[in-house]
Amino acid sequence: MTTSTSTHPLRHWINLALWKKIIIAMALGVIVGLILGKDAVWLKPIGDLFVSTIKMLIVPLVFCSLIVGTTSMKDSTTMGRIGIKAIVLYLGTTAIAISIGLAMGHFFAPGAGMNLVADPINAETVKEAPTLVQTILALVPANPVNALSSGNILQIIVFALFLGVSLALIGDKGKPAIAVFESLAEAMYKLTEIVMSLAPYGVFALIAWVAGTYGLEILGNLVWVVLAVYIGCLLHIYFFYGTTIRVLGGLSPARFFKGISNAQAIAYTTSSSAGTLPASLAAAQNQLGVKKGISSFVLPLGATINMDGTALYQGVCALFVAQAFGIDLSMADYFTIIITATLASIGTAGVPGAGLIMLSLILSTVGLPMEGIAIVAGIDRVLDMARTAVNVSGDLMVTTLIAKSEDQLDEEIYNDPTTANNPVANG
């Protein structure tokens with residue numbers, strides 16, 4: 001009896017590493033989705049419920065973890081130095097990402113031969129991109145409570161940074177408030193643990209719905225767009241990130257990718273870099289050995305301003321639209337796309353579907369037909385999954401490099417293969 005209990009399938013499932021559960025759930029979801037077809041829609045509410053629980057964590061987790069992160073640094077010089085490093089790395093990797101996207105679009109030529117004609121009468125108009133001054137002014141919340149309630153992550157980050165610095169500067173008087181935020185952060189980490197334990201079931205439902213709704217025919221004439229984006233994403237993650245980790249950090253790329261596998265799987269299935277933040281914190285602290293002060297500061301920042309995957313996708317899709325409508329782009333247009341996508345990534349929300357909004361800015365900037373967005377929108381979910389995995393991988397790469405440069409990386413944890421089974425951050 002004892003032997004049979006120890007080998008019971010349920011016990012094996014319970015003891016299985018989270019990332020393995022997620023991979024199994026993804027595979028089963030695809031199979032079930034293809035079998036059920038459109039009937040798989042009844043599974044979608046289960047996936048939506050999981051996504052909602054993740055979204056529930058975002059605002060309090062970002063707010064509390066940023067305050068804890070800033071106050072734990074003790075001095076504003078350290079925080080400023082780390083912030084500059086993060087922004088430079090994030091924007092630099094975004095520029096590389098869109099360059100790879102443009103290269104993939106040029107190589108695969110996904111829109112060649114479509115011979116579409118833009119309709120000037122029904123052409124959509126897009127609001128002009130905000131100026132640099134407007135963007136800067138929009139960072140500061142006129143009403144912090146409203147920013148928190150509406151989930152404006154950029155404004156929440158700015159307010160949390162200001163509040164964290166102020167608490168650190170007032171010394172002993174700030175300790176009671178800091179203790180409260182530390183306690184709230186710990187509570188959020190525990191809530192994260194509970195939510196993440198449900199990930200395989202939510203992932204199964206989401207993937208089953210996607211497979212059942214779109215099926216294999218989703219690729220159709222757009223198979224080359226999907227292929228270009230996915231190959232570009234794989235190159236950016238495993239070649240560019242891997243090389244950067246090795247060259248700049250002197251760390252093992254294989255160990256890095258093993259450590260972030262949980263976060264990548266959740267990012268791919270939820271299509272939300274902000275929603276994957278709990279899993280990213282877990283990977284950084286437990287699997288990669290990044291100290292909490294660094295991860296709590298750099299990761300929320302990255303979830304908002306680092307959109308490498310989105311930029312790569314925009315590069316492919318911009319060329320696809322240009323080719324589909326027979327429009328030749330000049331080198332100046334290519335440069336404009338790179339600059340626009342890099343700067344626009346700062347304001348791109350880390351939620352599903354935001355890439356289409358930013359794509360409209362790219363198309364309007366270089367004068368491409370806005371009808372192209374409707375074509376891409378049909379497969380946006382599939383593309384969104386891949387580009388979100390890139391975004392989250394980039395967040396963790398930058399966080400790891402900054403931790404190494406600040407001597408805040410526990411390399412014993414980083415190089416210990418047994419840590420890959422730790423499912424959640426322990427704070």
Note to self: For the pair residue 106/residue 49, report the inter-label distance in nm, with labels modelled 7 Å from Cα in the Cβ direction.
What the structure shows: 5.0 nm
Notebook entry, point to check: Which whole-angstrom value gives the distance between the alpha carbon centres of the stretch 40-69 and the stretch 158-176?
Noted result: 27 Å
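Quote to one decimal, in nm, the extra length available between residue 182 and residue 213 on full extension: 0.36 nm per residue of separation minus the C-alpha distance between them.
Numbers: separation 31, 0.36 × 31 = 11.16 nm, distance 4.33 nm.
This chain segment gains 6.8 nm when fully extended.
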Next item on the list: Please give the length that would be gained between residue 20 and residue 190 if that part of the chain were fully extended, namely 0.36 nm times their separation in residues minus their C-alpha to C-alpha distance (nm, one decimal).
Entry: 59.1 nm
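If packing is taken as the average count of other Cβ atoms within 10 Å, what order do 54-62, 275-283 fall into, highest mean first?
Values: 54-62: 19.6, 275-283: 29.1.
Ranking, from highest mean packing down: 275-283, 54-62.
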Notebook entry, point to check: When only the heavy atoms of the protein chains count and the probe is 1.4 Å, how do 380, 410 rank by accessible area, highest first?
Noted result: 410, 380
Note to self: Ordering 140, 376 by accessible area with a probe of 1.4 Å, largest first, what comes out?
What the structure shows: 140, 376
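When ranked by the protection proxy of mean other Cβ atoms within 10 Å per residue, highest first, what sequence do the peptides 87-94, 222-229, 258-265 form? Display every interim value, and only then the final one.
Details: 87-94: 19.2, 222-229: 20.8, 258-265: 24.1.
With the highest mean Cβ count within 10 Å placed first, the list reads 258-265, 222-229, 87-94.
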Next item on the list: Over all directions, average the projected area of the Cα convex hull of the stretch 155-275 and note it in nm².
Entry: 11.5 nm²
Next item on the list: May I ask for the Kirkwood hydrodynamic radius of the stretch 15-64, worked out over all distinct Cα pairs and given in angstroms to one decimal?
Entry: 12.9 Å
Notebook entry, point to check: Hull surface divided by four, with the convex hull built on the Cα atoms of the stretch 242-302: how many nm²?
Noted result: 4.1 nm²
Item checked: Cα-only radius of gyration and Dmax that characterise the stretch 24-109, units Å -> 21.2, 58
Item checked: Relative packing of 235-242, 267-274, 329-336, which averages over residues the other C-beta atoms within 10 Å, highest first -> 267-274, 235-242, 329-336
Next item on the list: Could you calculate the FRET efficiency of residue 410 with residue 246 from 1/(1 + (r/R0)^6), where r is the beta carbon distance between them and R0 is 25 Å, rounded to 0.05?
Entry: 0.85
Next item on the list: Measure off 7 Å from each Cα along the Cα-to-Cβ vector at residue 39 and residue 173, then give the distance between these two points in nanometres to one decimal.
Entry: 6.8 nm
Notebook entry, point to check: Can you pull the three principal axis extents for the Cα set of the stretch 138-192, in Å, largest first?
Noted result: 32, 30, 13
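Quick one: compute the contact order of the stretch 190-296, relative version, from alpha carbon pairs under 8 angstrom and 6+ residues apart, as a percent. Walk me through the numbers on the way to the answer.
Working: 46 pairs, mean separation 25.0, N = 107.
It rounds to 23 percent for the stretch 190-296.
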Next item on the list: Using a 1.4 Å probe and ignoring any ligands, DNA or RNA, find the accessible area of residue 412 and quote it in Å² to the nearest 10.
Entry: 150 Å²
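The values are calculated or read from the model by the stated rules, or taken from the named source; none is laboratory data. Keep in mind that this is a model prediction, so the values were computed, not measured. Positions of Cβ are backbone-derived with ideal geometry, glycine not excepted, and every protein chain shown enters the neighbour counts. Calculation scope for accessible area: heavy atoms of the full protein, side chains included, ligands and nucleic acids excluded. Shrake-Rupley method; radii C 1.70, N 1.55, O 1.52, S 1.80 Å.
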